[in-house]
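Colleague: Dumping the structure here so I can ask a few things about it.
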Amino acid sequence: GLSVMVQILLRRKYMCARNNIMKHAQGETVRYDIEELLLEGRTVCFRPQGTSMYPMFVSPEDTAVVAPADKNKLRRGAVVVYRRSPQAGGLLVMHRICKRRGDDFYMVGDNQSAVEGPLSAAQIRGVLVAWTRNGREYSVTRIGYRVFFGLWLWMLPVREPIHRVLAWLRKG
């Protein structure tokens, strides 16, 4: 089954696949659900879609390693996977916590300036623990990561003007 596949197929302790599909050792294709695995307490690896987390995720080959979240330990700056409310489309999204007030969380993509929230702790499914780029794995505990994305989050109020200037420069 799926748990055996996780143990046998991978050198690492987590499941990694492209578009939620993985080939089993005997050649069969198995689909899995990221949210379901996180809720079961498993760590998963996947390729984030879209550009909302640029510059964190640049290439379509970059992967995110996400572990189940201990909601009591989540702080400003953590990248989390959460389920939007049905009124907001119900999508599974990965964004950064920009503010926390008790059990209310406010999220923003690294390539966005609009803050989403409040979201409840119950909507959070997992937290980013590492990512891979060009075959190398990086931990979110690295000092360079923490400094860069701490500054990037601090710059949230000026992101929109920066985006406009960059767009203008690309045109000219």
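Colleague: Expressed as a whole number of Å, what is the distance separating the alpha-carbon centroids of the range 91-108 and the range 119-172?
Modeller: 13
Colleague: Quick one: Karplus J couplings for the range 91-97, per residue in order, coefficients 6.51, -1.76, 1.60, θ = phi - 60°, nearest Hz, x for Gly and Pro?
Modeller: With the stated coefficients, the range 91-97 comes to 6, 8, 10, 10, 9, 9, 6 Hz.
Colleague: Then there's this: For the full complex of protein chains and a 1.4 angstrom probe, list ARG75, ARG83 by accessible area with the highest value first.
Modeller: In descending accessible area the options line up as ARG75, ARG83.
Colleague: Could you work out, for the range 50-100, what percent of all Cα-Cα pairs fall into each 5 Å distance bin, beginning at 0 Å and stopping at the bin that holds the largest distance?
Modeller: Going out from 0 Å in 5 Å bins, the range 50-100 shows 4, 16, 26, 25, 20, 8, 1 percent.
Colleague: Under 16 Å from the Cα of LYS71, which aspartates and glutamates turn up, not counting those fewer than eight places away in the same chain?
Modeller: Correct list for LYS71: GLU35, GLU40, ASP103, ASP104.
Colleague: Something else: Using modelled amide H (1.01 Å from N, peptide plane; none on Pro or chain starts), what sits under 5 Å from the amide H of VAL127, excluding residues fewer than 5 places away?
Modeller: Close amide H contacts, sequence-distant or interchain: ALA67, ALA69, VAL81.
Colleague: Right, another one. Excluding ligands, DNA and RNA, what is the solvent-accessible area per residue of the range 66-133 at a probe of 1.4 Å, expressed in Å²?
Modeller: The answer is 45 Å² per residue.
The values are calculated or read from the model by the stated rules, or taken from the named source; none is laboratory data. Predicted, not measured: the structure shown is a model, and the values here were computed from it. Quick note on the areas: whole protein, heavy atoms, side chains included, nothing else; ligands and nucleic acids left out. Shrake-Rupley method; radii C 1.70, N 1.55, O 1.52, S 1.80 Å.
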